Structure formats: structure tokens, C-alpha cells
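Colleague: Before anything else, here's the structure in question.
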Amino acid sequence: MENLRHRVSFRPLRACALLAAAAIVLVACTGGNGSKQNGNVATVALTAGEAPTYILPSDPNCTATNHYDLRALLYRPLYWYGGVPGKEFERNDELSLAEPPVYSNGNKQVSVTLKDYKWSDGKPVTSKDLKFYFDLYSASKKDWGCYSPGSVPDNIKKVQIKDDKTVVLTLDQQYAPTWFTVNALADIAPIPEHVWDKTSADGKVGDYASTPSGAKKVFDFLTAQAKSPDKYDSDPLWGVVDGPWKLQKFDPRGDIDFVPNKNYSGPDKPKLSKLVERRFTTDQAEFDALLSDQSITTGYIPSQDSSRKRQVTDQGFTVYQQGNFGINYITLNYHSNQHGPLFNQLYIRQALQHMIDEPEYVKVAYNGNAEPINGPVPIKPANPYASAYEKSVPYPYDPGKAVALLKSHGWTVKPDGVSTCAKPGTGADQCGAGISSGDKLQFTLDYSKDVSSDRSMEAFQSSAAKAGIKITLRAGTFDHAVSITNDCKRGSQDCNWDAVGWGGWHFGPYPTGEDLFATGACQCGYSDPKTDKLVAATKTQGGQQAMTEYEDYVAKTLPYLWLPRAQGGLNVVRSDVKGYDRDKQSLFGYNYPQYWHF
């Protein structure tokens, strides 16, 4: 899966992970006998082990699954990217909820004008709904899983309603319009103030959110309601939407059913009578259903079953590979109670990276369906941002270099044993700050279990042992991996974790790193003043030079350990599903079921 910690639309959501397993897969339920049984119904086969769990934009885990497979279907974001073949990195003005933003005052102010959309209850979507979003976020930002210090709402000094459709945002400084539109405005979706601005289930809607204290009470009430997903389909709070779909049924352990929003104002009105998202516990369960259940006419081929492609096409499916614009990595806990000082040493991170054989993992763990990651910007799919330095593979697999790095910094290397620090201290040839004589080079690595991750992590464990680096693996659920990743204080019980692999990050069309590498962003204790400065430049200056300087420095200093990124898996769709082209070329996670028909 992927937590992307991918923020609402583009981060990953540290959650959606990221999609470390196969990417979100879109499935239409028709064709053959299935079309006769189910009528004009489409079924989305969610990646095994993944399913939406939270309806509010404050999503505490900030996952891509919650955003793309639930919220984006119900609540439209201000700006949409993708959906036009060949123009994935450009804003899609047709599907955007607002007119193009207008920047002024040296890019310190931006005006956002909403188009003429209506909520599903017939009320217009207005500036008040947009300000309501900012009011809730500002009053409770530390409780939003996608919050990153310095980003929204911190970088907005004032939100002023100009008229019923236009909001003027005064920013705290100059920002590059591309960055602010993609990484701030595109994450924002107006929410129904006329339904949600209340502090209790039986209370009246008021103007509570207009004050910080009142907004906090409203947020606390909404949060309490959002913790009951079994009531998502019956609670009137969630029944008012402005997107193309409405929730009909939400079974926390079963299918999630959507029906068309009859009052949807957008140009892409649904053609289906129903959209169903189906859960699967394992990739094999999904694949077995794909081959045997006539109600499923599209899905994905798990990487371990890629050799069975012919069997799938023989049943009338078209196989395609969807791009995946993101990175995969292992998060290191710089504040770990037992092993934080190890991760704070660049040479140790370099040694660890030299023990990760990415080309081999691509071949063996992913059956060729992945791309190596060398830094904070993906090399593939092709994009305008990847630098020459990243393409040069700064840290290739090289156990000899790893051993040499450790020996040159005072370690007694014990292949297939546990290396120990022989020269404590902070000198150039010593182990480094916080590492004592006799300290062992070992740590525990928790990860989200799937076939590809199992193979990758076991291979990493084996190769690291050659340098006397002992890695204890603990495979578990995605939810567990996400839950233990936190920005803790060393010495606290929350800091008993060492390293976690839960999937990575899915980018939007401008792959900056404020939500990954800026101080306070990673939930792992990483902080580097130069990284902060370079990240800030990508936000304020924009342009290729700022992006290159940032990505080259981060690629060199290794805040995380890079791993291969799965490239969308082998997705399949039955030939009688029309209007599916947008999904086949989607890079940023958005789904387009409103265009599907049979």
C-alpha cells in the first residue's frame, strides 16, 4: 500500500502509500455474463489490504487511499491535475472546481474564484464553504494528519471573502505560483458549511467556525462523527457532496457503493448507475476472483502472477501498465531510543544504501515491474524534474564500499556477525556522536507485508549482514507500520521504533519535498538546516535550478534509504469498458469512473 503521507491530493497521503504493492486499481463490473447480472455497474478492485477508512480531509493517517478512493469522489478539489492524455503535469481547467488562480502583489496574494457548482442538496458552493475549510484547519492544524509546519494554513495570513464566489488569500511571503497552486491550492476542497458548522449531532447549524474556539469545537464534533465509518452511509453530515458521486453503502469490512450525484454540476457527469469498491485481503484473493468471478471484469495481475498474463488476456481483458510518479523508501527514526545515533551518521546511511541492490530487487522482488529510486525525485515515469546527478546512481550496490566506510569510521566489521564500535568519538575516523565503545551496528526494521516487500526486505537483511549490520525484520500490516511512525521524543515509549518501510510517497506534478524532508515533516526526527533552505527555495523561487539543487543535496545526504518503486502493476480492463483512457495514463492517483460506460 502506500501511505503516501500523501497529502490530500498529492502527498501520500505517509499513507497511501504510497502504494508499495500494486497501485490503486480500477475495476469495472461488466462484460460477459457480468454485464447482464450487474447492469451498468462498475467495481473497483482496491489493492489488497487497502480500503478507505476516513472521510474528513483531516485524515490522521493522510493516506492516498482515503483521498482518491473516497473523498475525491465526493468533494471536488479546487484544482485538478491530469485527465488529459499527454498533459499530466498541467492543470486541468475543465475538471477544476475553480477558475485559474490570479496572483498579485509580487505573488504574495492570490484570488480564487469558484465556478457555479452546487451541493447535492441544491445549495450553491460558495466562498463561505472555502473559508470554512481554512477556519477548521487553522484552529486544529496539529490534529490534521497532512499538516506540515510552514505549509497550509501557516503560509496564509488572511482569508478574505470578496464575494459569494471569490476568496482572496494573503500569503506570509512570496511563493512561486506553480508551487502554491499545486502543493497548496490543489489540496483544498470546499466543505459544506451550511451542513457541517455545528457542534453536536442534534444542534443547529450556526456560525461557530468564525472564531478559533468555535472552529475547534466544530472540528472536534466532526472528528468524533468521522470515527464511526459504519455510519458514513447513514449520517446526514456525509450525505451532502459536490462531487460526481454520493455514498450509498459503506461497509467497513465489505464493499463500498457509490451512486451518481444527481445534482452534480461538473461537465463529467457519471454514466454508470453504480460504482462499487471491493476489498481483498490478499493479492491472490483478488486474482482468483478476477479469473473466476464473472461480476469482476477488470482488476490487476499481482507481480508474482505476471507470467499468467496470457491466461488473463484469453478471457477478454486488456492489460496495461499505469505510471506511478512517486518514491519508495525506508524511514529512519533519528530519535530512536536504542539506535537513533546510528541513523544520525551520514556514513552509516551511505553504507546501508550501498547494501540495497535495487536492480536485483526490481528483477526478483517486483518481476521487473518497478524502477530504482535514487533520490527525492523519481527518474521514471519521464518528467521534467529528474536531475543528472540522480540519474547517475549516487549509491550503487557495493558491499565493499559499505565495509570500507564502516572501517574508516572506527568500526570492527564482523561479516555475518554484529559489527561493533571500536573508536568512539566525533573525529573524522571515529564512530560519531552518541555512539559508545562496543555499541553494536543493529536495528529493527518494521514493514508493511506483501510479496514484493518480503523479498526486498529479506534481501536487504541478507546483504547488510555481510558488513556485520544486523537487521531484525518484523512484517505486519500497513496500518501497524503507519501507526508506529511518529515524531517522538527520545526516551519516550513512542520512540521504541527504529526503521519502517510502509510504501513511500506519491507526488503531484511538482515534486517538492516540504512534506517529506523539511524539519518536522517526516515524523522521524530528521532535521537539516540546508535541506530546509533548499526546500524553501523550490517553494519561493521555483524553476529548474532550485529543484535541481534541492534534489541533488537530498539524494546525496540520504534522509531516508531509497528502495525501488512499483510502477502501477499490470492492470487489466475488459474491452467493453469505454471511457477508460484517462485512468490508463493517470500518474497522480486520480480515478475517472464518471467517464466509464459499457
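Colleague: Please give the FRET efficiency for K118 paired with H597, using the beta carbon to beta carbon distance and R0 = 25 Å, rounded to the nearest 0.05.
Modeller: Approximately 0.60, to the nearest 0.05.
Colleague: Kindly provide the pair-distance distribution of the stretch 416-575 built from C-alpha pairs, with 10 Å bins from 0 and whole-percent values in order of increasing distance.
Modeller: Calculated P(r), rounded to whole percents: 9, 27, 35, 22, 5, 1, 0.
Colleague: Over 18 Å apart: what share of the alpha carbon pairs of the stretch 467-544 falls there, rounded to a whole percent? List each step's numbers first, then the result.
Modeller: Working: 1672 of 3003 pairs.
Roughly 56 percent, once rounded to a whole number.
Colleague: Continuing with this model, one more query. Kindly rank 336-343, 135-142 from highest to lowest mean number of other beta carbons found within 10 Å of each residue.
Modeller: Descending mean neighbour count gives 336-343, 135-142.
Colleague: Okay, moving on. For the pair V84 and T540, what calculated FRET efficiency results from E = 1/(1 + (r/R0)^6), where r is the Cβ-Cβ distance and R0 = 45 Å, to the nearest 0.05?
Modeller: Working from the Cβ atoms, E equals 0.95.
Colleague: Further, regarding this structure: Please compute P(r) over all alpha-carbon pairs of the stretch 70-221, binned at 10 Å starting from zero, and give each bin as a whole-number percent.
Modeller: Calculated over all Cα pairs of the stretch 70-221, the distribution is 11, 39, 38, 11, 1 percent.
Colleague: Ratio of Rg to Rh for the stretch 209-328, alpha carbon only, Kirkwood?
Modeller: 1.09
Colleague: Carbon-plus-sulfur fraction of the accessible area of the chain, 1.4 Å probe, in percent?
Modeller: 48
Colleague: Multiplying the sequence separation of T477 and K423 by 0.36 nm and subtracting their Cα-Cα distance, what value in nm do you get?
Modeller: 15.5 nm
Colleague: Whole number in Å², please: accessible area per residue of the stretch 185-225, 1.4 Å probe, ligands, DNA and RNA not counted. Mind showing how you got there, number by number?
Modeller: Details: 1680 Å² over 41 residues.
Heavy-atom accessible area per residue stands at 41 Å².
Colleague: Once the other residues with Cβ under 12 Å from the Cβ of K414 are scored (Lys, Arg +1; Asp, Glu -1), what is the net sum?
Modeller: Around K414, the surrounding residues sum to +3.
Colleague: Still on this model: Which log10 I(q)/I(0) values does the stretch 130-212 give at q = 0.12, 0.13, 0.22 Å⁻¹ under the Debye formula, counting every alpha carbon as one identical point scatterer?
Modeller: -0.38, -0.45, -1.19
Colleague: Going by Cα centres, the stretch 132-169 and the stretch 297-344 are how many Å apart?
Modeller: Rounded to whole Å, the Cα centres lie 34 Å apart.
Colleague: Let me ask something else about it. Might you tell me the accessible area per residue for the stretch 473-582, computed with a 1.4 Å probe and given in Å²?
Modeller: It amounts to 35 Å² per residue over the stretch 473-582.
Colleague: With a 1.4 Å probe and all protein chains left in place, how much accessible area per residue does the stretch 41-105 have, in Å²?
Modeller: I get 27 Å² per residue for this part.
Colleague: Hey, another quick one. With the crude spin-label approximation of a point 7 Å out along Cα→Cβ, what separation in nm comes out for A201 versus D398?
Modeller: Between A201 and D398, the simple spin-label model gives 6.3 nm.
Colleague: Now a separate question. Could you work out how far apart the two model spin labels at D233 and S527 are, taking each label as a point 7 Å from the Cα in the direction of the beta carbon, and quote it in nm?
Modeller: 4.7
Colleague: Subtract the Cα-Cα distance of D143 and K262 from 0.36 nm times their separation in residues, and report this length gain in nm to one decimal. Display every interim value, and only then the final one.
Modeller: Values: separation 119, 0.36 × 119 = 42.84 nm, distance 3.36 nm.
That works out to 39.5 nm of additional length.
Colleague: T412 to S306: FRET efficiency via 1/(1 + (r/R0)^6), r the Cβ-Cβ distance, R0 51 Å, to the nearest 0.05?
Modeller: According to the calculation, E is roughly 0.70.
Colleague: In addition: Treating only the Cα positions of the chain as identical point scatterers, give the base-10 log of I(q)/I(0) from the Debye formula at each q in 0.10 Å⁻¹.
Modeller: The Debye formula, applied to the Cα set alone, gives -0.85.
Colleague: What is the gain in length, in nm to one decimal, between D255 and K489 on full extension, counting 0.36 nm per residue of separation less the C-alpha to C-alpha distance? If you can, show how the numbers build up before the last one.
Modeller: On the way: separation 234, 0.36 × 234 = 84.24 nm, distance 3.97 nm.
Stretched fully, the D255-K489 segment lengthens by 80.3 nm.
Colleague: Something else now. Over what distance in Å are the Cα centres of the stretch 489-530 and the stretch 414-476 separated?
Modeller: Rounded to whole Å, the Cα centres lie 20 Å apart.
Colleague: Bins of 10 Å, beginning at zero and ending with the bin holding the largest distance: percent of Cα pairs per bin for the stretch 257-382, please.
Modeller: Whole-percent P(r) values from 0 Å outward: 9, 24, 26, 23, 12, 5.
Colleague: Okay, moving on. Between T282 and T170, with labels modelled 7 Å along Cα→Cβ, what's the label distance in nm to one decimal, could you check?
Modeller: 6.0
The values are calculated or read from the model by the stated rules, or taken from the named source; none is laboratory data. Note that the coordinates shown come from a computational prediction; the quantities given were computed from them, not determined experimentally. No Cβ is skipped: glycine too gets one built from the backbone with ideal geometry, and neighbour counts run over all protein chains shown. The area values use the complete protein model at the heavy-atom level, side chains included, leaving out ligands, DNA and RNA. Shrake-Rupley method; radii C 1.70, N 1.55, O 1.52, S 1.80 Å.
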